[in-house]
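Presented below is the structure to which this report refers.
Where a number appears in this text, it was derived from the coordinates with a stated rule and is not lab data. Source: prediction; values computed, not measured. All Cβ positions, even for glycine, are placed from backbone atoms using ideal geometry, and neighbour counts span all protein chains on display.
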Amino acid sequence: MSRVAFLGLGAMGRRMAARLHAAGHAVTVWNRSGVSPELAALPLTPAPSPVAAADGAELVIAMVADDEASRAVWCGAGGAVATLRPQTLVIESSTLTPSWVTELERIVRQAGAEFLDAPVVGSRPQAEAGALLYLIGGRAEAVARARPVLAA
């Protein structure tokens with residue numbers, strides 16, 4: 001079991017977070033518009049900000065709409081980067097521009113954490129069924145660490 005922070009509970013994120021919970025991981029969640037009643041029924045831990053969700057997590061996964069939302073989640077007021085430690089594994093699964101992914105990787109590494117660019121192929125049905133395909137970029141050791149969590 002891993003301690004996972006999940007940032008962004010839209011159509012994909014809420015299904016992914018629920019799968020992680022079902023697989024036995026301790027999941028803390030944050031969403032800019034709050035936690036839906038559907039997820040509130042699960043024993044997920046809601047957090048008031050990305051930094052609060054990421055505090056103490058082994059893996060921090062983001063699944064948000066775009067570059068702007070990703071910047072806010074990671075680097076804005078209450079952004080998750082502020083609490084990253086050397087053992088934290090950042091997994092960015094949002095659909096982002098290559099320039100922002102490159103910049104975010106630099107920011108995460110400067111914070112001492114490990115970074116994986118991990119967008120997914122699939123949609124809601126695949127997320128619900130645990131059948132998303134990850135396209136992962138990062139160090140092999142980090143991919144190996146993430147594999148048991150992403151397998152859910």
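First measure r as the distance between the Cβ atoms of Glu128 and Ser33, then evaluate 1/(1 + (r/R0)^6) with R0 = 25 Å and state the FRET efficiency to the nearest 0.05.
After rounding to 0.05, the efficiency reads 0.80.
Extent of segment 4-152 along each principal axis, from alpha carbon coordinates, in Å, largest to smallest?
37, 30, 26
Restricting to segment 21-152, compute how many DSSP beta bridges are antiparallel as a %, nearest 5.
That works out to approximately 25 percent antiparallel.
Can you give the FRET efficiency to the nearest 0.05 for Arg106 and Ala23, using r as the Cβ-Cβ distance and R₀ = 41 Å?
0.85
Can you give me the relative contact order of the chain as a percent, contacts being Cα pairs under 8 Å and 6 or more apart?
The normalised contact order for the chain reaches 22 percent.
Please report, for the Cα atoms of segment 44-87, the Rg to one decimal and the Dmax as a whole number; what are they, in angstrom?
Gyration radius and largest Cα-Cα distance of segment 44-87: 10.1, 27 Å.
Go from 0 up to the bin containing the longest alpha carbon distance in segment 1-62, width 10 Å each, and give me the % of pairs per bin.
Bins of 10 Å from zero give 27, 63, 10 percent of pairs.
Give the separation of the Cα centroids, segment 58-89 to segment 18-49, in Å.
Centre-to-centre distance over Cα atoms comes out at 16 Å.
For Thr45 and Thr95, compute 0.36 nm times the residue count separating them, minus their Cα-Cα distance, and round to one decimal in nm.
Fully extending the segment from Thr45 to Thr95 adds 15.5 nm.
For a quick check: with amide H placed at 1.01 Å from N, whose amide H comes under 5 Å from Leu44's, ignoring anything fewer than 5 positions away on the same chain?
none
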